[in-house]
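The values are calculated or read from the model by the stated rules, or taken from the named source; none is laboratory data. Here the structure is a predicted model, which is why all the values come from computation and not from measurement. Note that each Cβ is placed from the backbone with ideal geometry, even for glycine, and that neighbours are counted across all protein chains shown.
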Amino acid sequence: MIARFAPTVITGDTTRLSGGDRAALRKLLAAARIMDSLYLRQVWAGNVALKRELENDTSTAGRLRLRYFNINMGPWSTIDDNEPFVSGVPQRPLPHANYYPEDLTREEFSAWLTGLPEEEQQKATGYFHTVRRDDLGALRAVPYSEEYGDELEHASRLLREAAALTDNSSLRTYLLKRAEAFLSNDYYDSDLAWMDLDSPIDVTIGPYEVYMDSLFNYKAAFEAFITLRNDEETARLSMFSAHLQDIEDNLPIEARYRNPRLGSLAPIRVVDEIAVGGEARAGVQTAAFNLPNDERVVAAKGSKRVMLRNVMEAKFQTILAPIAAAILDSSQLHLLSFDAFFTHVLAHELMHGLGPQTIMVDGKSTTVRKAMRELGSALEEAKADISGLFALQHLIDRGILSRETERPMYATFLAGMFRSVRFGIHESHGRGVALQFNYLMDEGAILHNSADSSFAVDFDRIGDATRKLTSEIMTIQARGDYDAARALLQHYALLRPAMQQSLDKLTSVPVDIAPHFPLAE
Ligand code: ZN
(Lines give C-alpha, C1' and ligand atoms only; values in the text may rest on other atoms or scores of the structure.)
Protein backbone atom coordinates (compact mmCIF):
# COMPACT_ATOMS: atom_id res chain seq x y z
CA MET A 1 0.00 0.00 0.00
CA ILE A 2 2.80 2.39 0.93
CA ALA A 3 4.82 1.56 -2.20
CA ARG A 4 2.15 3.19 -4.37
CA PHE A 5 3.35 6.54 -2.99
CA ALA A 6 6.85 7.29 -4.28
CA PRO A 7 8.96 9.13 -1.66
CA THR A 8 9.85 12.52 -3.15
CA VAL A 9 11.68 15.59 -1.90
CA ILE A 10 9.60 18.74 -2.29
CA THR A 11 11.47 21.95 -1.69
CA GLY A 12 12.23 25.38 -3.11
CA ASP A 13 15.01 27.91 -3.48
CA THR A 14 15.06 30.21 -0.46
CA THR A 15 18.36 31.88 -1.36
CA ARG A 16 16.59 34.69 -3.19
CA LEU A 17 14.52 35.58 -0.11
CA SER A 18 15.44 38.56 2.03
CA GLY A 19 16.74 37.90 5.54
CA GLY A 20 13.45 39.05 7.00
CA ASP A 21 11.44 36.74 4.79
CA ARG A 22 13.67 33.80 5.68
CA ALA A 23 13.07 34.42 9.37
CA ALA A 24 9.34 34.80 8.69
CA LEU A 25 9.36 31.50 6.85
CA ARG A 26 10.52 29.65 9.95
CA LYS A 27 7.47 30.94 11.84
CA LEU A 28 5.14 29.98 9.01
CA LEU A 29 6.50 26.43 8.87
CA ALA A 30 5.78 26.12 12.59
CA ALA A 31 2.25 27.41 12.04
CA ALA A 32 1.70 24.80 9.32
CA ARG A 33 2.52 22.06 11.86
CA ILE A 34 -0.32 23.32 14.03
CA MET A 35 -2.70 22.78 11.10
CA ASP A 36 -1.59 19.12 11.17
CA SER A 37 -2.73 18.60 14.74
CA LEU A 38 -5.96 20.53 14.22
CA TYR A 39 -6.81 18.49 11.16
CA LEU A 40 -6.05 15.20 12.93
CA ARG A 41 -8.64 16.18 15.52
CA GLN A 42 -11.20 17.16 12.88
CA VAL A 43 -11.02 13.84 11.02
CA TRP A 44 -12.48 11.69 13.78
CA ALA A 45 -12.89 11.87 17.56
CA GLY A 46 -10.66 8.79 18.01
CA ASN A 47 -7.93 9.89 15.62
CA VAL A 48 -5.43 11.51 17.99
CA ALA A 49 -5.59 8.65 20.52
CA LEU A 50 -5.18 6.10 17.71
CA LYS A 51 -2.13 7.89 16.39
CA ARG A 52 -0.54 7.84 19.84
CA GLU A 53 -1.27 4.13 20.08
CA LEU A 54 0.35 3.50 16.69
CA GLU A 55 3.39 5.52 17.73
CA ASN A 56 3.89 3.21 20.72
CA ASP A 57 3.85 0.07 18.58
CA THR A 58 7.50 -0.54 17.69
CA SER A 59 6.97 -3.77 15.74
CA THR A 60 7.72 -3.72 12.02
CA ALA A 61 4.04 -3.94 11.12
CA GLY A 62 3.32 -1.23 13.67
CA ARG A 63 5.86 1.12 12.12
CA LEU A 64 4.41 0.54 8.67
CA ARG A 65 0.90 1.18 9.94
CA LEU A 66 2.05 4.47 11.45
CA ARG A 67 3.76 5.39 8.20
CA TYR A 68 0.60 4.74 6.20
CA PHE A 69 -1.46 6.55 8.85
CA ASN A 70 0.78 9.60 8.35
CA ILE A 71 0.33 9.44 4.58
CA ASN A 72 -3.46 9.40 5.01
CA MET A 73 -3.66 11.46 8.24
CA GLY A 74 -6.02 8.79 9.54
CA PRO A 75 -6.66 5.02 9.52
CA TRP A 76 -8.42 4.97 6.12
CA SER A 77 -6.71 4.48 2.77
CA THR A 78 -7.90 7.45 0.74
CA ILE A 79 -6.96 5.90 -2.62
CA ASP A 80 -8.83 2.65 -1.87
CA ASP A 81 -12.26 4.17 -1.35
CA ASN A 82 -11.30 4.90 2.26
CA GLU A 83 -10.92 1.26 3.22
CA PRO A 84 -9.71 1.03 6.86
CA PHE A 85 -6.17 -0.37 7.31
CA VAL A 86 -6.19 -0.48 11.13
CA SER A 87 -8.56 -2.94 12.76
CA GLY A 88 -11.29 -1.73 15.09
CA VAL A 89 -11.91 1.67 13.46
CA PRO A 90 -15.32 2.68 12.06
CA GLN A 91 -16.16 2.71 8.35
CA ARG A 92 -15.59 5.86 6.34
CA PRO A 93 -17.13 8.15 5.24
CA LEU A 94 -17.86 9.10 8.78
CA PRO A 95 -20.64 11.54 7.96
CA HIS A 96 -20.04 13.61 11.10
CA ALA A 97 -16.24 13.59 10.94
CA ASN A 98 -15.52 15.30 14.26
CA TYR A 99 -17.63 18.35 13.46
CA TYR A 100 -20.94 17.18 14.96
CA PRO A 101 -21.99 14.89 17.84
CA GLU A 102 -21.78 11.32 16.49
CA ASP A 103 -25.40 10.57 17.38
CA LEU A 104 -26.77 13.63 15.55
CA THR A 105 -29.33 12.90 12.80
CA ARG A 106 -30.14 15.24 9.91
CA GLU A 107 -33.70 15.48 11.26
CA GLU A 108 -32.57 16.60 14.72
CA PHE A 109 -30.24 19.12 13.11
CA SER A 110 -32.96 20.68 10.94
CA ALA A 111 -35.44 20.79 13.82
CA TRP A 112 -32.83 22.60 15.90
CA LEU A 113 -31.98 24.92 13.05
CA THR A 114 -35.61 25.97 12.47
CA GLY A 115 -35.87 27.14 16.07
CA LEU A 116 -32.76 29.33 15.91
CA PRO A 117 -32.63 33.07 15.21
CA GLU A 118 -31.11 33.98 11.80
CA GLU A 119 -27.69 34.87 13.18
CA GLU A 120 -27.41 31.56 15.06
CA GLN A 121 -28.51 29.68 11.94
CA GLN A 122 -25.61 31.25 10.06
CA LYS A 123 -23.22 29.85 12.63
CA ALA A 124 -24.80 26.40 12.69
CA THR A 125 -24.52 26.06 8.91
CA GLY A 126 -21.32 28.12 8.58
CA TYR A 127 -17.75 27.09 7.82
CA PHE A 128 -16.23 27.96 11.17
CA HIS A 129 -18.38 26.47 13.96
CA THR A 130 -18.54 22.91 15.23
CA VAL A 131 -21.81 21.60 16.64
CA ARG A 132 -21.66 20.14 20.17
CA ARG A 133 -24.02 19.10 22.93
CA ASP A 134 -24.05 20.93 26.26
CA ASP A 135 -24.33 19.08 29.59
CA LEU A 136 -28.07 18.70 29.15
CA GLY A 137 -27.71 17.31 25.62
CA ALA A 138 -28.90 20.48 23.85
CA LEU A 139 -27.14 21.39 20.58
CA ARG A 140 -24.90 24.43 20.40
CA ALA A 141 -22.69 25.98 17.71
CA VAL A 142 -19.13 26.40 18.99
CA PRO A 143 -16.81 28.81 17.16
CA TYR A 144 -13.52 27.31 15.96
CA SER A 145 -11.79 30.05 17.96
CA GLU A 146 -13.20 28.39 21.09
CA GLU A 147 -13.16 24.71 20.04
CA TYR A 148 -9.52 24.95 18.90
CA GLY A 149 -8.65 27.95 21.10
CA ASP A 150 -5.20 26.92 22.37
CA GLU A 151 -3.83 25.85 19.00
CA LEU A 152 -5.29 28.83 17.17
CA GLU A 153 -3.85 31.24 19.72
CA HIS A 154 -0.46 29.66 19.17
CA ALA A 155 -0.86 29.81 15.36
CA SER A 156 -2.05 33.41 15.63
CA ARG A 157 1.06 34.36 17.59
CA LEU A 158 3.33 32.71 14.98
CA LEU A 159 1.61 34.57 12.14
CA ARG A 160 1.99 37.91 13.96
CA GLU A 161 5.68 37.17 14.53
CA ALA A 162 6.09 36.30 10.84
CA ALA A 163 4.28 39.52 9.91
CA ALA A 164 6.76 41.52 11.97
CA LEU A 165 9.68 39.86 10.18
CA THR A 166 8.66 40.01 6.50
CA ASP A 167 9.42 43.07 4.39
CA ASN A 168 6.55 42.43 1.97
CA SER A 169 3.51 44.55 2.82
CA SER A 170 0.85 42.36 1.15
CA LEU A 171 2.14 39.34 3.07
CA ARG A 172 2.22 41.34 6.30
CA THR A 173 -1.39 42.44 5.79
CA TYR A 174 -2.60 38.91 5.08
CA LEU A 175 -0.77 37.41 8.06
CA LEU A 176 -2.01 40.06 10.50
CA LYS A 177 -5.60 39.69 9.31
CA ARG A 178 -5.44 35.91 9.41
CA ALA A 179 -3.87 36.03 12.89
CA GLU A 180 -6.84 38.18 13.93
CA ALA A 181 -9.31 35.77 12.27
CA PHE A 182 -7.95 32.81 14.23
CA LEU A 183 -8.96 34.67 17.40
CA SER A 184 -12.16 36.44 16.27
CA ASN A 185 -13.48 33.59 14.09
CA ASP A 186 -14.29 36.12 11.34
CA TYR A 187 -12.27 35.15 8.26
CA TYR A 188 -13.77 37.57 5.72
CA ASP A 189 -11.14 40.35 5.75
CA SER A 190 -8.28 37.90 5.73
CA ASP A 191 -9.76 36.05 2.72
CA LEU A 192 -9.91 39.38 0.87
CA ALA A 193 -6.29 40.08 1.85
CA TRP A 194 -5.29 36.64 0.50
CA MET A 195 -6.66 37.62 -2.92
CA ASP A 196 -4.27 40.62 -2.91
CA LEU A 197 -1.26 38.61 -1.76
CA ASP A 198 1.71 39.20 -4.07
CA SER A 199 4.86 38.27 -2.30
CA PRO A 200 8.00 36.10 -2.66
CA ILE A 201 6.52 33.93 0.12
CA ASP A 202 2.99 32.84 -0.75
CA VAL A 203 0.95 31.38 2.10
CA THR A 204 -2.48 29.81 2.39
CA ILE A 205 -3.36 28.82 5.94
CA GLY A 206 -6.58 28.22 7.83
CA PRO A 207 -9.91 26.40 7.54
CA TYR A 208 -10.87 25.95 3.86
CA GLU A 209 -12.35 22.85 2.20
CA VAL A 210 -15.63 21.25 3.27
CA TYR A 211 -15.39 17.80 1.60
CA MET A 212 -14.84 15.95 4.89
CA ASP A 213 -18.22 17.09 6.25
CA SER A 214 -20.25 14.45 4.42
CA LEU A 215 -23.30 15.24 6.52
CA PHE A 216 -23.81 18.74 5.08
CA ASN A 217 -20.58 20.03 3.47
CA TYR A 218 -20.70 23.01 5.84
CA LYS A 219 -17.59 22.71 7.99
CA ALA A 220 -14.09 23.65 6.85
CA ALA A 221 -10.96 21.57 7.48
CA PHE A 222 -7.67 23.18 8.48
CA GLU A 223 -4.81 23.15 6.01
CA ALA A 224 -1.72 25.08 4.98
CA PHE A 225 0.33 25.57 1.83
CA ILE A 226 3.65 27.28 2.46
CA THR A 227 5.09 28.20 -0.94
CA LEU A 228 7.50 30.46 -2.80
CA ARG A 229 6.42 32.49 -5.81
CA ASN A 230 7.95 31.16 -9.05
CA ASP A 231 9.09 34.33 -10.82
CA GLU A 232 10.00 32.72 -14.16
CA GLU A 233 6.60 31.12 -14.60
CA THR A 234 4.86 34.25 -13.38
CA ALA A 235 6.64 36.11 -16.20
CA ARG A 236 5.63 33.44 -18.74
CA LEU A 237 2.05 33.74 -17.56
CA SER A 238 1.96 37.46 -18.15
CA MET A 239 3.45 36.89 -21.63
CA PHE A 240 0.53 34.54 -22.40
CA SER A 241 -1.97 36.95 -20.93
CA ALA A 242 -0.79 39.61 -23.36
CA HIS A 243 -1.85 37.38 -26.30
CA LEU A 244 -5.18 36.10 -25.07
CA GLN A 245 -7.29 38.53 -27.10
CA ASP A 246 -5.38 37.59 -30.25
CA ILE A 247 -6.06 33.91 -29.54
CA GLU A 248 -9.75 34.62 -28.95
CA ASP A 249 -9.93 36.61 -32.21
CA ASN A 250 -8.55 33.61 -34.08
CA LEU A 251 -10.58 30.81 -32.50
CA PRO A 252 -11.77 28.36 -35.18
CA ILE A 253 -15.46 29.29 -34.74
CA GLU A 254 -17.82 31.71 -36.47
CA ALA A 255 -16.84 35.31 -35.76
CA ARG A 256 -20.14 36.06 -34.00
CA TYR A 257 -19.28 33.46 -31.35
CA ARG A 258 -16.01 35.15 -30.43
CA ASN A 259 -15.71 37.65 -27.62
CA PRO A 260 -14.42 40.94 -29.07
CA ARG A 261 -13.40 42.18 -25.63
CA LEU A 262 -12.23 39.69 -23.05
CA GLY A 263 -12.81 40.86 -19.50
CA SER A 264 -10.19 40.41 -16.85
CA LEU A 265 -9.58 36.77 -16.04
CA ALA A 266 -9.31 35.16 -12.63
CA PRO A 267 -5.78 35.59 -11.26
CA ILE A 268 -3.34 32.66 -11.46
CA ARG A 269 -0.28 32.27 -9.24
CA VAL A 270 2.54 29.83 -9.98
CA VAL A 271 4.43 28.79 -6.86
CA ASP A 272 6.80 26.13 -5.55
CA GLU A 273 5.66 24.30 -2.45
CA ILE A 274 8.00 23.91 0.50
CA ALA A 275 5.59 22.53 3.10
CA VAL A 276 1.96 21.66 3.60
CA GLY A 277 -0.11 21.11 6.72
CA GLY A 278 -3.43 19.62 7.72
CA GLU A 279 -5.76 18.33 5.05
CA ALA A 280 -3.25 19.16 2.29
CA ARG A 281 -0.98 16.48 3.74
CA ALA A 282 -3.55 13.67 3.48
CA GLY A 283 -3.49 11.18 0.60
CA VAL A 284 -3.07 12.31 -2.99
CA GLN A 285 -1.11 15.56 -3.11
CA THR A 286 -2.74 18.72 -4.40
CA ALA A 287 -1.15 20.09 -7.59
CA ALA A 288 -3.39 23.16 -7.94
CA PHE A 289 -6.27 24.73 -6.07
CA ASN A 290 -8.90 27.46 -6.34
CA LEU A 291 -9.78 29.46 -3.26
CA PRO A 292 -11.48 30.92 -1.34
CA ASN A 293 -14.79 29.04 -1.22
CA ASP A 294 -16.69 31.64 0.79
CA GLU A 295 -19.30 32.96 -1.67
CA ARG A 296 -19.26 36.42 -0.09
CA VAL A 297 -15.55 36.77 -0.83
CA VAL A 298 -15.94 35.36 -4.34
CA ALA A 299 -18.73 37.86 -5.04
CA ALA A 300 -16.62 40.76 -3.77
CA LYS A 301 -13.27 39.80 -5.23
CA GLY A 302 -13.42 36.59 -7.28
CA SER A 303 -11.19 33.64 -6.58
CA LYS A 304 -7.59 32.80 -7.30
CA ARG A 305 -5.95 29.71 -8.80
CA VAL A 306 -2.67 28.61 -7.27
CA MET A 307 -0.52 26.14 -9.21
CA LEU A 308 2.13 24.18 -7.33
CA ARG A 309 4.76 23.85 -10.03
CA ASN A 310 7.30 21.67 -8.22
CA VAL A 311 4.57 19.26 -7.10
CA MET A 312 3.50 18.93 -10.72
CA GLU A 313 7.11 18.35 -11.72
CA ALA A 314 7.52 15.64 -9.09
CA LYS A 315 4.36 13.91 -10.29
CA PHE A 316 5.57 14.26 -13.86
CA GLN A 317 8.87 12.50 -13.10
CA THR A 318 7.36 9.84 -10.86
CA ILE A 319 4.18 9.04 -12.74
CA LEU A 320 4.08 10.50 -16.23
CA ALA A 321 7.63 9.55 -17.26
CA PRO A 322 7.11 5.80 -16.60
CA ILE A 323 3.69 5.97 -18.25
CA ALA A 324 5.27 7.52 -21.33
CA ALA A 325 7.98 4.86 -21.36
CA ALA A 326 5.27 2.19 -21.43
CA ILE A 327 2.91 3.66 -24.01
CA LEU A 328 4.75 6.14 -26.24
CA ASP A 329 6.35 4.96 -29.48
CA SER A 330 10.07 4.68 -28.70
CA SER A 331 10.97 7.07 -31.55
CA GLN A 332 8.96 9.83 -29.81
CA LEU A 333 9.92 9.17 -26.21
CA HIS A 334 12.74 11.73 -26.32
CA LEU A 335 10.11 14.43 -26.93
CA LEU A 336 8.62 14.02 -23.46
CA SER A 337 9.23 17.25 -21.53
CA PHE A 338 8.07 18.74 -18.25
CA ASP A 339 8.32 22.21 -19.70
CA ALA A 340 5.89 21.21 -22.47
CA PHE A 341 3.62 19.60 -19.88
CA PHE A 342 3.52 22.64 -17.63
CA THR A 343 3.09 25.10 -20.50
CA HIS A 344 0.03 23.15 -21.59
CA VAL A 345 -1.37 23.10 -18.04
CA LEU A 346 -1.09 26.91 -18.00
CA ALA A 347 -2.73 27.12 -21.42
CA HIS A 348 -5.52 24.80 -20.21
CA GLU A 349 -6.25 27.07 -17.25
CA LEU A 350 -6.24 30.22 -19.38
CA MET A 351 -8.47 28.67 -22.06
CA HIS A 352 -11.21 28.09 -19.49
CA GLY A 353 -11.64 31.87 -19.70
CA LEU A 354 -11.80 32.00 -23.52
CA GLY A 355 -14.43 30.82 -26.00
CA PRO A 356 -18.21 30.94 -25.49
CA GLN A 357 -19.37 31.72 -21.94
CA THR A 358 -22.57 33.79 -21.96
CA ILE A 359 -24.65 32.66 -24.95
CA MET A 360 -28.05 33.19 -26.63
CA VAL A 361 -30.35 30.17 -26.90
CA ASP A 362 -33.83 30.62 -28.46
CA GLY A 363 -33.50 34.36 -28.10
CA LYS A 364 -32.69 34.16 -24.40
CA SER A 365 -29.43 34.90 -22.66
CA THR A 366 -27.97 32.01 -20.71
CA THR A 367 -24.59 30.46 -19.98
CA VAL A 368 -22.78 27.47 -21.47
CA ARG A 369 -22.75 25.89 -18.01
CA LYS A 370 -26.53 26.07 -17.68
CA ALA A 371 -27.24 24.89 -21.22
CA MET A 372 -24.89 21.89 -20.99
CA ARG A 373 -26.17 20.77 -17.58
CA GLU A 374 -24.51 17.53 -16.36
CA LEU A 375 -22.42 17.22 -19.54
CA GLY A 376 -20.92 20.65 -19.01
CA SER A 377 -17.79 19.89 -17.05
CA ALA A 378 -16.55 16.97 -19.19
CA LEU A 379 -17.02 19.08 -22.31
CA GLU A 380 -15.44 22.15 -20.71
CA GLU A 381 -12.38 20.16 -19.58
CA ALA A 382 -11.99 18.73 -23.09
CA LYS A 383 -12.33 22.23 -24.49
CA ALA A 384 -9.63 23.62 -22.20
CA ASP A 385 -7.25 20.78 -23.15
CA ILE A 386 -7.71 20.77 -26.90
CA SER A 387 -7.99 24.52 -27.31
CA GLY A 388 -4.90 24.82 -25.10
CA LEU A 389 -3.03 22.93 -27.83
CA PHE A 390 -4.69 25.11 -30.45
CA ALA A 391 -3.62 28.28 -28.60
CA LEU A 392 -0.01 27.17 -28.21
CA GLN A 393 0.12 26.15 -31.90
CA HIS A 394 -1.18 29.62 -32.73
CA LEU A 395 1.61 31.22 -30.68
CA ILE A 396 4.18 28.97 -32.37
CA ASP A 397 2.86 29.93 -35.82
CA ARG A 398 3.03 33.61 -34.82
CA GLY A 399 6.68 33.14 -33.80
CA ILE A 400 5.95 33.98 -30.18
CA LEU A 401 6.84 30.50 -28.97
CA SER A 402 9.74 28.59 -30.44
CA ARG A 403 9.06 26.07 -33.24
CA GLU A 404 11.10 23.60 -31.19
CA THR A 405 8.31 23.39 -28.62
CA GLU A 406 5.82 22.03 -31.18
CA ARG A 407 6.59 18.30 -31.22
CA PRO A 408 7.29 17.97 -27.48
CA MET A 409 3.92 19.64 -26.84
CA TYR A 410 1.92 17.02 -28.77
CA ALA A 411 3.94 13.96 -27.70
CA THR A 412 3.80 15.00 -24.03
CA PHE A 413 0.07 15.63 -24.31
CA LEU A 414 -0.44 12.15 -25.76
CA ALA A 415 1.39 10.51 -22.84
CA GLY A 416 -0.46 12.73 -20.37
CA MET A 417 -3.83 11.51 -21.63
CA PHE A 418 -3.04 8.06 -20.24
CA ARG A 419 -2.35 9.54 -16.83
CA SER A 420 -5.78 11.24 -16.87
CA VAL A 421 -7.80 8.14 -17.81
CA ARG A 422 -5.75 5.72 -15.77
CA PHE A 423 -8.33 5.42 -13.01
CA GLY A 424 -11.37 5.45 -15.24
CA ILE A 425 -13.54 7.93 -17.03
CA HIS A 426 -16.10 8.48 -14.27
CA GLU A 427 -15.09 12.05 -13.60
CA SER A 428 -15.03 15.02 -15.96
CA HIS A 429 -11.29 15.20 -16.66
CA GLY A 430 -10.99 11.52 -17.57
CA ARG A 431 -14.14 11.64 -19.65
CA GLY A 432 -13.03 14.74 -21.50
CA VAL A 433 -9.67 13.14 -22.23
CA ALA A 434 -11.23 9.92 -23.58
CA LEU A 435 -13.29 12.09 -25.93
CA GLN A 436 -10.18 13.81 -27.26
CA PHE A 437 -8.14 10.64 -27.53
CA ASN A 438 -10.68 8.77 -29.63
CA TYR A 439 -11.43 11.80 -31.78
CA LEU A 440 -7.73 12.27 -32.53
CA MET A 441 -7.39 8.53 -33.24
CA ASP A 442 -10.29 8.64 -35.71
CA GLU A 443 -8.72 11.66 -37.40
CA GLY A 444 -5.50 9.68 -37.85
CA ALA A 445 -3.61 12.17 -35.67
CA ILE A 446 -2.69 9.47 -33.16
CA LEU A 447 -1.33 6.19 -34.52
CA HIS A 448 -1.58 2.84 -32.76
CA ASN A 449 1.07 0.16 -33.08
CA SER A 450 -0.68 -3.04 -32.07
CA ALA A 451 2.56 -5.06 -32.08
CA ASP A 452 3.75 -3.40 -28.84
CA SER A 453 0.51 -1.54 -27.97
CA SER A 454 2.26 1.83 -28.21
CA PHE A 455 0.96 5.10 -29.61
CA ALA A 456 2.56 7.86 -31.66
CA VAL A 457 1.60 11.34 -32.81
CA ASP A 458 1.21 11.93 -36.55
CA PHE A 459 2.73 15.40 -36.68
CA ASP A 460 1.33 16.06 -40.18
CA ARG A 461 -2.22 15.63 -38.96
CA ILE A 462 -2.37 16.62 -35.30
CA GLY A 463 -2.55 20.39 -35.90
CA ASP A 464 -5.60 20.16 -38.17
CA ALA A 465 -7.32 17.61 -35.94
CA THR A 466 -6.78 19.85 -32.90
CA ARG A 467 -8.28 22.82 -34.72
CA LYS A 468 -11.23 20.74 -35.89
CA LEU A 469 -12.12 19.39 -32.44
CA THR A 470 -11.69 22.84 -30.86
CA SER A 471 -14.13 24.15 -33.44
CA GLU A 472 -16.61 21.34 -32.88
CA ILE A 473 -16.69 21.65 -29.06
CA MET A 474 -16.79 25.45 -28.98
CA THR A 475 -19.55 25.58 -31.60
CA ILE A 476 -21.66 23.17 -29.54
CA GLN A 477 -21.06 25.39 -26.52
CA ALA A 478 -21.85 28.59 -28.44
CA ARG A 479 -25.16 27.16 -29.62
CA GLY A 480 -25.96 25.68 -26.21
CA ASP A 481 -26.67 22.47 -28.12
CA TYR A 482 -27.18 19.89 -25.39
CA ASP A 483 -28.16 17.08 -27.80
CA ALA A 484 -25.04 17.54 -29.89
CA ALA A 485 -22.92 17.48 -26.74
CA ARG A 486 -24.53 14.23 -25.66
CA ALA A 487 -24.00 12.66 -29.08
CA LEU A 488 -20.35 13.69 -29.14
CA LEU A 489 -19.67 12.28 -25.67
CA GLN A 490 -21.60 9.08 -26.35
CA HIS A 491 -19.62 8.44 -29.48
CA TYR A 492 -16.13 9.30 -28.24
CA ALA A 493 -15.92 9.41 -24.44
CA LEU A 494 -15.27 5.68 -24.04
CA LEU A 495 -12.35 3.46 -23.16
CA ARG A 496 -11.82 1.57 -26.40
CA PRO A 497 -9.87 -1.73 -26.32
CA ALA A 498 -6.57 -0.35 -27.67
CA MET A 499 -6.38 2.25 -24.92
CA GLN A 500 -7.54 -0.18 -22.23
CA GLN A 501 -4.85 -2.66 -23.28
CA SER A 502 -2.14 -0.04 -22.80
CA LEU A 503 -3.60 1.07 -19.47
CA ASP A 504 -3.30 -2.51 -18.26
CA LYS A 505 0.47 -2.17 -18.64
CA LEU A 506 0.62 0.61 -16.06
CA THR A 507 -0.15 -1.27 -12.83
CA SER A 508 3.34 -0.85 -11.36
CA VAL A 509 3.50 2.90 -11.94
CA PRO A 510 3.13 4.80 -8.61
CA VAL A 511 -0.23 6.37 -7.90
CA ASP A 512 1.18 9.47 -6.25
CA ILE A 513 4.13 10.95 -4.40
CA ALA A 514 4.81 10.86 -0.65
CA PRO A 515 6.44 14.24 -0.14
CA HIS A 516 9.33 15.01 2.20
CA PHE A 517 9.77 18.65 3.10
CA PRO A 518 13.40 19.13 4.16
CA LEU A 519 12.91 22.83 4.92
CA ALA A 520 10.08 22.03 7.32
CA GLU A 521 11.77 18.98 8.80
ZN1 ZN B 1 -9.73 22.48 -16.23
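Values for this structure:
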item: Which numbered condition S87 misses (of (1) without any contact (Cβ under 8 Å) to a residue 40 or more places away in the chain; (2) assigned to a helix (DSSP H, G or I); (3) over 18 Å from E279 (Cα atoms)); result: (2)
item: Answer from G444, G388 - the residue that is within 16 Å of the ligand (Cβ to nearest atom) and over 22 Å from A325 (Cβ atoms); result: G388
item: Pick from the range 289-334, criterion of a type in the set (V, I, T) and farther than 27 Å from V511 by Cα, ranking: surrounded by the most Cβ atoms within 10 Å (Cβ to Cβ); result: V297
item: Filtered residues of the range 456-478 (kept if under 22 Å from P356 (Cβ atoms) and either crowded, with 21+ Cβ neighbours inside 10 Å or modelled with pLDDT under 95 (or both)); result: A465, T466, L469, T470, I473, M474, I476, Q477, A478
item: Total residues in the range 442-455, condition touching a residue at least 24 places away in the same chain (Cβ under 8 Å) and either surrounded by 18 or more Cβ atoms within 10 Å (Cβ to Cβ) or hydroxyl-bearing (S, T, Y) (or both); result: 5
item: Residue in the range 323-338 that is within 16 Å of the ligand (Cβ to nearest atom), of a type in the set (F, W, Y) and outside the structural domain of I205 (by TED's automatic domain parsing) present; result: no
item: Per-region count, the range 180-215, residues touching a Pro at 6+ places or on another chain (Cβ under 7 Å) and small (G, A, S); result: 1
item: All positions within the range 483-511 that are part of a loop (DSSP other than H, G, I, E, B) and over 20 Å from S454 (Cβ atoms); result: A493, L494, P510, V511
item: Where Q91 falls short, out of the listed (1) surrounded by fewer than 16 Cβ atoms within 10 Å (Cβ to Cβ); (2) at pLDDT 95 or above; (3) among the polar types (S, T, N, Q); result: (2)
item: Checking S365 against (1) more than 16 Å from the ligand (Cβ to nearest atom); (2) at positive phi, the condition it does not meet; result: (2)
item: Residue among L171, L113 that alone is assigned to a helix (DSSP H, G or I) and touching a residue at least 40 places away in the same chain (Cβ under 8 Å); result: L171
item: Residue within the range 339-354 that is under 19 Å from E472 (Cα atoms) and away from the ligand (no atom under 15 Å from the Cβ) present; result: no
item: Filter result for A31 (assigned to a helix (DSSP H, G or I), modelled with pLDDT of 95 or more and touching a His at 6+ places or on another chain (Cβ under 9 Å)); result: yes
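Here's the yes/no breakdown for (1) buried (at least 18 other Cβ atoms within 10 Å of the Cβ); (2) among the polar types (S, T, N, Q); (3) within 16 Å of D294 (Cα to Cα):
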position	(1), (2), (3)
D135	no, no, no
E153	no, no, no
L165	yes, no, no
R172	yes, no, no
L175	yes, no, no
L215	yes, no, no
A221	yes, no, yes
N230	yes, yes, no
